[in-house]
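The values are calculated or read from the model by the stated rules, or taken from the named source; none is laboratory data. Quick caveat: nothing in here was measured; it's all calculated off a predicted structure. Counting neighbours? That spans all protein chains shown, and the Cβs are built from the backbone with ideal geometry, glycine included.
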């Protein structure tokens, strides 16, 4: 069974509604409408303000698309296109929205901003796919509205804008986020302005997904004249040669990670997105992984996780790193070494040393 971490959409929806209600109650208490300039200055989070503007223009574009499908006029005519662009330009400076229309717009923007902060890779992947499908020419417009992680996703967006049929933009997107090392892009930092309006419960933002059975087809590894399946990455260190197999009174052997089998398992895999050398574990650790490792492996203690990563980065070999895990964390923190989070951590360690 594989345990995975995912965003709790119910919590996000609830928080987004409550957050938006507080903002709207405050603004519309003394004003009937909100202008474009007031949206830009809506909160201390510039990214949230821009996300509201983007949502507004996305809805507007849908209306324009519907309007342009009228069969009685030629909207492809150059003069019509020019006049339409001028019209939209003028109208964009006349934004005026009532509370009943603005609150759901803000709620949607809050939800998307939370996803951008916590799951930036999947958010940008989905966003780029949607824009490419509907309006490939608007990919570059994203730079106006999405400022977070821009250096990570911009190269992929540029490739996609230049060639909407590009098949490798996702790989560039993943690589961009893997290289990102800006501490100011951590969720806690990005979402700090939200706390001033409505406190966030980061533990509630992420939850365990339902367990699923994972079919594993792994090549067998020959070791010491025995066939060993890479799925069983354990080493029964407390099992004595004199121990009777049927003795039910004996204590269950402690499971620890066997570095030789783990190495063989990952070395046999061919997923291009999951292999590749990294100089430091922190470089290859995504935001979702950081949250998952902290919550599931290090008892919700971010300082403990940071210390573990520092110690792992100081090891000089894959075997030394696994030995550190076995002696310092696997037993003391009671890890399930077959769990999804342990496997992802082991894969990061493998990527650090796979050039050996």
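Observations on the structure shown:
- Count - residues of segment 22-33 that are part of a helix (DSSP H, G or I) and in contact with a helix residue (DSSP H, G or I) (Cβ under 7 Å, 6 or more places away or on another chain): 2
- Residue 53, sole failed condition from (1) surrounded by fewer than 16 Cβ atoms within 10 Å (Cβ to Cβ); (2) modelled with pLDDT under 95; (3) assigned to a helix (DSSP H, G or I): (1)
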